[in-house]
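Take a look at the structure set out below.
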Amino acid sequence: MLISSSQLRIVLTRNIQNFEKVIIKSEGKNYADILKSVKNSVNIGEVGIRVKGLKRTMKGDVMLEIHGEKDKANTLKQKTIKENEDARVEIINKIGTVYVSGIEQGCSTSHQE
């Protein structure tokens, strides 16, 4: 089954963000314990990080939204891991979202003439 270009619709949205999302996880600790551990070990103001938001993820981890470049997020990651060896830190940088519509369920990736 072939799809004509009039049936296929692809939309790319760009998320222009001036901040990075940093997720801090730690096995066996809840949100409050993780947050307390990070506050005690990393002086965010000293590092030059401005926090835009602080959230609890669905899994109970801490998500910080910080202003600035990726290097500030990397600095926070390195300091957090150094002071909390059991912590896992991820930096999320979502550039955009692609939406594809108009494809029927029976379509395949092979091209047939």
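The values are calculated or read from the model by the stated rules, or taken from the named source; none is laboratory data. Because the structure is a prediction, the values reported are computed rather than measured. Note: ideal-geometry Cβ built from the backbone for every residue, glycine included; neighbour counts use all protein chains shown.
Listed values, structure above:
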read-out: Subset of the stretch 15-59 [among the small types (Gly, Ala, Ser) and at pLDDT 85 or above]; value: Ala32, Gly53
read-out: Ile66 being among the aliphatic types (A, V, I, L, M), surrounded by 14 or more Cβ atoms within 10 Å (Cβ to Cβ), in a loop (DSSP other than H, G, I, E, B) and modelled with pLDDT of 80 or more; value: no
read-out: Matching residues, the stretch 76-102, being modelled with pLDDT under 85, under 14 Å from the mean Cα position of the chain (by Cα) and among the charged types (D, E, K, R); value: Lys94
read-out: Among (1) among the aliphatic types (A, V, I, L, M); (2) exposed (fewer than 12 other Cβ atoms within 10 Å of the Cβ); (3) in contact with a strand residue (DSSP E or B) (Cβ under 9 Å, 6 or more places away or on another chain) - the single one Met58 does not satisfy; value: (3)
